[in-house]
Amino acid sequence: MILNDTIVALATPSGAGAVAIVRVSGPNAIEFVADVFQSIKNKDLRKQKTHTLHLGFIKDDAKIIDQVLVSLFKGTNSYTGEPTVEISCHGSTFIQQQIIQLLLRKGCRMASAGEFTMRSFLNGKMDLSQAEAVADLIASDNEAAHQLAMQQMRGGFSNEIAKLREELLNFASLIELELDFSEEDVEFADRSAFRDLVNRIQFVLKRLLDSFAVGNVIKNGIPVAIVGEPNVGKSTLLNALLNEERAIVSDIAGTTRDTIEDELIIEGIGFRFIDTAGIRETEDIVESIGIQKTFEKIEQAQVVLYLFESLKFKTQNLEYITEIEKVKNKYPLKPLVVIINKVDLLTDEELQRIQSQLEALEVKLETTSAKHKTGIEELKNTLLSFVNTGALRNNETIVTNTRHYDSLIKALEEIQKVQYGLDMNISADLMAIDIRQALYYFGEITGQVTNDELLGNIFSNFCIGK
Ligand code: GDP
Ligand code: ZN
């Protein structure tokens, strides 16, 4: 890993916008930019204060490339922790490329993916999990995901881990001290206090591991399948849920339209309706008769909405009950919501009769009129009830990152070995090995333990310029 050179990259998305930002960071950042920048007041960039803005021109010898605004960050007072210059130029891709090419010729190197953030980490501006949160923050597209990324970036998660690691480290040194005095049979590390710590660590680790399921939901959304025969009102219901008229609804089954992945956000949680193309495009009767197709959709979902048309249900309910039973038996762990749609076509007595027949099935039952938008709020609440959002509301730490999850699992395994060692009264030298190993996995999360390969993996997931 080379860190003593100066890197350049476009920080804004590629393509033309009103303004683009070219970011330069490294020991010679100011030097290199000053070489190609002509201030309108003829100021020398090298002599300006940190955190100042300067208007002027980027020039390739005599040729003016663009009029730009330059932001100066001197010393370690920047995102990367090294001298940085940000050039705000006009958004044309041609101008962006010209400026970057010019700086490359002056001696800059093209930044690799995530290198600005990696430098920030290596210069101690943030710990590893905070750096990873930057990537999540950029990708976050809903309230809850954004809140999570912000929390992690402020260090909520790694603070907790770092504290536990510190305590564990303390015990590790005491126990290792015992080894030096082994023939005298002394115990510097108070075993009952140590046992307390080991318990506490296990408790925290388990809670963090549990939170991963919630974190995953928040980050990626919950895939929901709407299944049911053609014309029962799936598209209409989806529209009612999304509160819009995007899907084409018709009496003719199989109305074609372009695929859009639909996401419904309820209290910050994203519900993704999977395979809505299936709902909107090919509702071929022959195809949908086979229950196989339905099962395929259900496979990919976490929540299943099974839609029936009220009138058909009235006349053929036994057949439908068998169908619901099949799904229930095949996917016992998947939340299943049976929806009787078009209730506007039923009398109250008819509806009650259907409801009482379905009671025996012990499924979640909702009644809607997608067309008249009744029962929609209740359905949304039911969807939300499948998500444990408590942790989010209580502002607890939530793990969203697979790498952290893996390290936490390994740390827990090691701590359990330590616990076992304590229970079995094993010798301090053996216990010390397990403790060291646990410390290692804790350190992996916060970045106190790193290697080039690990860093390479993490930062290559970033885009260039970040
Ligand atoms: P899909 O094939 O399951 O997607 O069904 P559609 O959403 O395309 O609806 C088929 C037809 O049923 C359309 O004419 C809708 O207007 C109608 N429809 C949908 N929901 C209701 C409802 O709640 N009540 C009534 N009366 N008609 C509905
Ligand atoms: Zn449809």
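The values are calculated or read from the model by the stated rules, or taken from the named source; none is laboratory data. Just so you know, these numbers come straight off a predicted model, no measurement behind them. Because the Cβ atoms are built from the backbone with ideal geometry, glycine has one as well, and the counts that use them run over all protein chains shown.
Is it the case that residue 25 is under 27 Å from residue 446 (Cβ atoms) and at pLDDT 95 or above? It would help to see each step written out before you state the result.
Values: under 27 Å from residue 446 (Cβ atoms): yes; at pLDDT 95 or above: yes.
The answer is yes for residue 25.
Can you work out which of the residues in the range 32-55 that are surrounded by fewer than 18 Cβ atoms within 10 Å (Cβ to Cβ) and within 14 Å of residue 102 (Cβ to Cβ) is farthest from the chain's Cα centre (by Cα)?
Here the answer is 38.
Let's see how each residue does on (1) in contact with a His (Cβ under 8 Å, 6 or more places away or on another chain); (2) in a strand (DSSP E or B); (3) acidic (Asp, Glu):
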{"residue": "8", "(1), (2), (3)": "no, yes, no"}
{"residue": "22", "(1), (2), (3)": "no, yes, no"}
{"residue": "27", "(1), (2), (3)": "no, no, no"}
{"residue": "30", "(1), (2), (3)": "no, no, no"}
{"residue": "35", "(1), (2), (3)": "no, no, yes"}
{"residue": "46", "(1), (2), (3)": "no, no, no"}
{"residue": "54", "(1), (2), (3)": "no, yes, no"}
{"residue": "69", "(1), (2), (3)": "yes, yes, no"}
{"residue": "77", "(1), (2), (3)": "yes, no, no"}
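Looking only at the range 16-28, count every residue that is crowded, with 20+ Cβ neighbours inside 10 Å and over 15 Å from residue 105 (Cβ atoms) and tell me the total.
Residues meeting the conditions: 4.
Can you list residue pairs whose Cβ atoms sit under 7 Å apart, with the first residue in the range 354-381 being under 11 Å from residue 241 (Cα atoms) and among the hydroxyl-bearing types (Ser, Thr, Tyr) and the second being within 16 Å of ligand 2 (Cβ to nearest atom) and in a loop (DSSP other than H, G, I, E, B)? Count only pairs 6 or more apart in sequence or on different chains.
Close Cβ pairs satisfying both conditions: 374/368.
Residue check, residue 84 against (1) touching a residue at least 40 places away in the same chain (Cβ under 8 Å); (2) under 22 Å from residue 48 (Cα atoms); (3) out of contact with any Phe, Trp or Tyr (no Cβ under 7 Å at 6 or more places or on another chain), all met but one. Which one?
Just one mismatch for residue 84, condition (3).
Give all pairs with beta carbons closer than 6 Å in which a residue from the range 221-244 that is within 16 Å of residue 271 (Cα to Cα) meets a residue that is aromatic (Phe, Trp, Tyr) and more than 13 Å from ligand 2 (Cβ to nearest atom); count only pairs at least 6 apart in sequence or on separate chains.
Within 6 Å, the pairs are 222/271; 224/271; 227/306.
Can you tell me which residues in the range 154-176 are in a helix (DSSP H, G or I), at pLDDT below 75 and surrounded by fewer than 19 Cβ atoms within 10 Å (Cβ to Cβ)?
Of everything in the range 154-176, just one residue is in a helix (DSSP H, G or I), at pLDDT below 75 and surrounded by fewer than 19 Cβ atoms within 10 Å (Cβ to Cβ), namely 156.
Name the helices (runs of 4 or more DSSP H) wholly inside the range 307-394 in which the number of residues that are more than 14 Å from ligand 1 (Cβ to nearest atom), modelled with pLDDT of 90 or more and under 17 Å from residue 238 (Cα atoms) is 1 or more. Walk me through it before giving the result.
On the way: elements: 310-330, 348-359, 376-385, 390-393.
Hits in the range 307-394: 376-385.
Among the residues of the range 101-141, which ones are touching a helix residue (DSSP H, G or I) at 6+ places or on another chain (Cβ under 7 Å) and not in a helix (DSSP H, G or I)?
The answer is 107, 108, 110, 113, 114, 126, 127, 140.
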